[in-house]
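*Asks:* My structure is below; once you've seen it, I'll send some questions.
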Amino acid sequence: MNTIPTSLATTVSDGRIGADAPIRDALLRLGLLTDDEAARVAEHQAAQGVDFDQAALQLGFIGAEELDRARDQLVNSLALQEDVRRGVSDELVVLSDPVSAKAESIRLLRTQVIAQHIKPGRRAMAFVAPVDGVGCSYLVANLAAALSQVGTKTLLVDSNLRSPRIDQIFGLAANGPGLSSYLSLQVSRPERVIHANVLPNLSVITAGPPVSRPQELLSSTRFRDGMNMLLREYDIALFDTPAANSCADALTISSVIGYAVIVARRDKTFVGDVATLAGQLAAARSSVVGSVLSEF
């Protein structure tokens, strides 16, 4: 998949459906649109029934590069500004115990991911476990932190909408705006649920409030389109998923992302379960780029 006619002083909207003010204001602040052009874009938007950014592209007032600049500003300066963060968990061993064997193992995995996944131009990977309790969230959180430590612009997405843990590990609000908020139409744009710079070079999307139909939401074109939009802003995006034997969510997510890493644990995961999961991922058209056997 690798893959607002007003002045500059306009108040930023809350991000709900129907409010394109954030991207409009970003384009205006950066000088990529004039007030007159913004007014024409708004008229075209209303006539065509498209988003503000798409209307601006259709009229030729901005290009893809200018739109990416505006989105980057939103990600880094507008999203979740008022969110209160706690300290990160000691589970992030690359921070809490950087000289340990656990941290060194994570750094070794980081080297392999950079060489074999990022350098070839792949932008995302889903981490999938055949059964629960193998440390998938622990692994993906530490890898995301380790990648950010070497300057890799990283996005970590908690797409486990059933039993999320990424919010706990990074000290973020458990039921604050997250992926479920965007998928269930409570928030209009995916960048509005990003916790920017949780660590230097690391942004996080939490799972968000509980929802009753996670499988349907993750199967929607909204999930695919939103994630594709965000992937352009980062060197790599890592997706945490629920155990594959508990629901079909992990396979759905992996099919959208296109690449998967299977996570197993010594004395916990059966070889047959890993083989079955690999076959299921292949059937879902997700390439298994590697596997990790955890001993921690």
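*Asks:* Search segment 94-114 for residues being among the hydrophobic types (A, V, I, L, M, F, W, C) and under 21 Å from the mean Cα position of the chain (by Cα), and hand back the single one that is surrounded by the fewest Cβ atoms within 10 Å (Cβ to Cβ).
*Replies:* Of all residues in segment 94-114, those among the hydrophobic types (A, V, I, L, M, F, W, C) come to 94-95, 99, 101, 103, 106, 108-109, 113-114.
This time we only want the ones that are under 21 Å from the mean Cα position of the chain (by Cα), so: 94, 106, 109, 113-114.
Details: VAL94: 24, ILE106: 25, LEU109: 18, VAL113: 22, ILE114: 15.
The residue in question is ILE114.
*Asks:* Take the residues of segment 218-254 that are among the small types (Gly, Ala, Ser) and surrounded by fewer than 19 Cβ atoms within 10 Å (Cβ to Cβ): which is modelled with the lowest pLDDT?
*Replies:* SER246
*Asks:* For segment 170-186, which positions are among the hydrophobic types (A, V, I, L, M, F, W, C) and surrounded by fewer than 24 Cβ atoms within 10 Å (Cβ to Cβ)? Full working, then the answer.
*Replies:* Pass one, segment 170-186, residues among the hydrophobic types (A, V, I, L, M, F, W, C): 170, 172-174, 179, 183, 185.
Correct list: LEU172, ALA173, ALA174, LEU185.
*Asks:* Which of (1) modelled with pLDDT under 90; (2) hydrophobic (A, V, I, L, M, F, W, C); (3) assigned to a helix (DSSP H, G or I) does ILE169 not meet, given it meets every other one?
*Replies:* Tallying (1) modelled with pLDDT under 90; (2) hydrophobic (A, V, I, L, M, F, W, C); (3) assigned to a helix (DSSP H, G or I), ILE169 fails exactly one: (1).
*Asks:* Scan segment 259-276 and report the pairs whose first residue is assigned by TED's automatic domain parsing to the domain that holds CYS136 and whose second residue is surrounded by fewer than 14 Cβ atoms within 10 Å (Cβ to Cβ) and of a type in the set (Phe, Trp, Tyr), with Cβ atoms within less than 6 Å and a gap of 6+ or a chain change.
*Replies:* Here the result reads none, with nothing in segment 259-276 linked to a residue that is surrounded by fewer than 14 Cβ atoms within 10 Å (Cβ to Cβ) and of a type in the set (Phe, Trp, Tyr).
*Asks:* Kindly evaluate GLN215 against the criterion of being among the polar types (S, T, N, Q) and either touching a His at 6+ places or on another chain (Cβ under 6 Å) or farther than 30 Å from GLU65 by Cα (or both).
*Replies:* Yes.
*Asks:* Here's a check for you: in segment 132-163, which residue that is of a type in the set (Gly, Ala, Ser) and in contact with a Lys or Arg (Cβ under 9 Å, 6 or more places away or on another chain) is surrounded by the most Cβ atoms within 10 Å (Cβ to Cβ)? Walk me through it before giving the result.
*Replies:* Of all residues in segment 132-163, those of a type in the set (Gly, Ala, Ser) come to 133, 135, 137, 141, 144-146, 148, 151, 159, 163.
Still in the list and also in contact with a Lys or Arg (Cβ under 9 Å, 6 or more places away or on another chain): 133, 135, 137, 141, 146.
Working: GLY133: 10, GLY135: 19, SER137: 23, ALA141: 30, ALA146: 25.
Taking the candidates together, the pick is ALA141.
*Asks:* Can you give me the ranges of the helices (runs of 4 or more DSSP H) entirely in segment 189-296 with at least 2 residues that are over 28 Å from ASP51 (Cβ atoms)?
*Replies:* 249-257, 271-283
*Asks:* Related question: Go through (1) surrounded by fewer than 24 Cβ atoms within 10 Å (Cβ to Cβ); (2) within 19 Å of SER255 (Cβ to Cβ) and name the single condition LEU199 misses.
*Replies:* Among (1) surrounded by fewer than 24 Cβ atoms within 10 Å (Cβ to Cβ); (2) within 19 Å of SER255 (Cβ to Cβ), LEU199 violates only (2).
*Asks:* In addition: If you check VAL193 against the conditions, is it over 17 Å from LEU281 (Cα atoms), in the same structural domain as GLN168 (by TED's automatic domain parsing) and crowded, with 24+ Cβ neighbours inside 10 Å?
*Replies:* Values: over 17 Å from LEU281 (Cα atoms): yes; in the same structural domain as GLN168 (by TED's automatic domain parsing): yes; crowded, with 24+ Cβ neighbours inside 10 Å: yes.
When the stated conditions are applied, VAL193 passes them.
*Asks:* So, PRO177, is that one touching a Leu at 6+ places or on another chain (Cβ under 7 Å), in a loop (DSSP other than H, G, I, E, B) and not hydrophobic (A, V, I, L, M, F, W, C) or not?
*Replies:* Against the criterion (touching a Leu at 6+ places or on another chain (Cβ under 7 Å), in a loop (DSSP other than H, G, I, E, B) and not hydrophobic (A, V, I, L, M, F, W, C)), PRO177 qualifies.
To keep it simple, each residue is scored yes or no on (1) closer than 19 Å to ALA260 by Cβ; (2) assigned by TED's automatic domain parsing to the domain that holds GLY171; (3) at pLDDT below 95; (4) not in a helix (DSSP H, G or I).
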| position | (1), (2), (3), (4) |
| --- | --- |
| PRO98 | no, yes, yes, yes |
| ARG110 | yes, yes, no, no |
| GLN116 | yes, yes, yes, no |
| PRO120 | yes, yes, yes, yes |
| MET125 | yes, yes, no, yes |
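*Asks:* Being within 21 Å of the chain's Cα centre (by Cα), at pLDDT 80 or above and within 30 Å of TYR259 (Cβ to Cβ) narrows it down to one residue among LEU78, LEU74, LEU57, LEU67; which is it? Don't jump to the end; show me each part of the working.
*Replies:* On the way: LEU78 fails: at pLDDT 80 or above; LEU74 fails: at pLDDT 80 or above; LEU57 fails: within 21 Å of the chain's Cα centre (by Cα).
It is LEU67.
The values are calculated or read from the model by the stated rules, or taken from the named source; none is laboratory data. Just so you know, these numbers come straight off a predicted model, no measurement behind them. When we count neighbours, we look across all protein chains shown, and the Cβ atoms used for this are built from the backbone with ideal geometry, even at glycine.
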